[in-house]
Every structure is written in C-alpha cells, then in structure tokens.
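One structure is given below, encoded as structure tokens.
The values are calculated or read from the model by the stated rules, or taken from the named source; none is laboratory data. It should be emphasised that the depicted structure is a prediction, and the values quoted were computed from it without experimental measurement. Here the Cβ positions follow ideal geometry from the backbone for every residue, glycine too, while neighbour counts run over all protein chains shown. Accessible surface is based on the protein model in full, side chains and every heavy atom, while ligands, DNA and RNA are left aside. Shrake-Rupley method; radii C 1.70, N 1.55, O 1.52, S 1.80 Å.
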Amino acid sequence: MSAFNMLRIASEGLGAHQVWLDAIGNNISNVNTYKPTSENAFQVQYPIFQADSTGGVRVTGIAEGDPNGRMVSMPDNPLADANGYVRAPDEDLSAQMGDLIMAQRGFQASVSVTKTAQDVYQAAIAIGQK
C-alpha cells in the first residue's frame with residue numbers, strides 16, 4: 001500500500017469518526033431532553049458507515065432512534081400531561097459512553113496513521129535532497 005493510499009484511508013477514517021463523535025455528543029447532550037407527550041421525543045442519531053472498494057470508509061446516512069421515546073413519570077415537570085408523563089429519548093447513556101470511547105480510539109488511530117504517513121513522506125523528501 002502506498003503512502004498516498006494510507007493518507008486517503010486515514011483521512012476517510014478521520015471524517016467518519018468525526019461524524020460519529022458529533023452524533024454521540026449530540027445524543028449525550030440531549031439525554032435529559034423531555035418533551036410533552038403530544039410531541040416526538042428527541043431521536044438518538046446513529047451514523048451508518050460503509051466500507052468502500054479501496055479500503056476506506058464513508059458515512060452513508062444517519063439513522064434515528066424511536067420518535068416515541070419512553071414515557072417517564074414527572075408530574076412536577078411543566079411539560080407533563082394530565083397524567084404526569086413526559087417523553088424522554090429512548091437512549092442508553094452507558095452505551096453512548098461506550099461508543100464514545102470506541103469513536104475516540106478510532107479517531108486516534110487514524111491520526112496515528114496520518115502521522116506515520118507524514119513521517120514516510122518526510123523521509124522520502126530527505127533522501128531526495130541528499
């Protein structure tokens with residue numbers, strides 16, 4: 001594999017992991033977003049990735065969670081219905097935190113590959129200058 005291919009694949013990985021990190025950040029920041037029962041709950045976002053034929057990856061879309069969310073009894077919430085319920089996102093915070101760790105590690109790995117490819121280019125340039 002050439003250094004150019006390494007850079008391209010690492011760049012695609014960086015982009016994909018950045019989309020994933022952004023989605024997770026949005027999901028975590030909305031974990032306590034409550035809506036009236038007459039509205040849809042916040043929908044968790046899940047990026048959809050697809051490998052391409054050259055070894056890279058791309059984001060093909062964003063899937064969304066259940067708009068019904070889950071009903072939570074919060075009679076003191078001003079958004080609560082007559083029965084004291086509000087809609088909360090159907091979100092598992094511990095799963096989001098696990099995904100966050102995986103996305104961070106993937107991003108770090110792509111950065112490491114990019115740094116290695118840069119070092120290879122610098123060594124090749126130095127050889128050509130001698």
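Under a model in which nothing but the beta-carbon of Lys, Arg (+1) and Asp, Glu (-1) is charged, the chain shows a dipole of about 660 debye around its Cα centre. Report the local net charge at N40: Lys and Arg +1, Asp and Glu -1, summed over other residues whose C-beta lies under 15 Å from its C-beta. Neighbourhood net charge equals -3.
Based on Cβ point charges of +1 for Lys and Arg and -1 for Asp and Glu, what charge dipole magnitude is obtained for the stretch 40-87 about its Cα centre, in debye rounded to the nearest 20? Write out the running numbers ahead of the final one.
Details: 3 positive and 5 negative charges, 17 e Å.
Magnitude of the dipole: close to 80 debye.
Note on the stretch 68-130: with charges restricted to the Cβ of Lys and Arg (+1) and Asp and Glu (-1), its dipole about the Cα centre is near 520 debye. Debye-formula intensities of the chain, expressed as log10 I(q)/I(0) at q = 0.12, 0.18, 0.21 Å⁻¹, are -0.60, -0.94, -1.11 (one equal scatterer per alpha-carbon, no solvent). Considering only Y85, A10, V120, and ranking their Cα positions along the charge dipole of the chain that arises from unit charges at the beta-carbon of Lys, Arg, Asp and Glu, the one farthest toward the positive end is V120. Once the Cα atoms are used to define both axes, helix 3-29 deviates from the longest principal axis of the chain by about 20 degrees.
Carbon and sulfur atoms: what percent of the 1.4 Å accessible area of the chain do they account for? Show your work: numbers first, answer last.
Values: 4420 of 7960 Å².
Of the solvent-accessible surface of the chain, carbon and sulfur hold 56 percent.
In the stretch 65-130, a dipole from Cβ-located charges (positive for Lys and Arg, negative for Asp and Glu) runs towards its positive end, and of Q96, F107, P75 it is F107 whose Cα lies farthest in that direction. Using a probe of 1.4 angstrom and keeping all protein chains present, the accessible surface of the stretch 36-87 works out to 63 square angstrom per residue.
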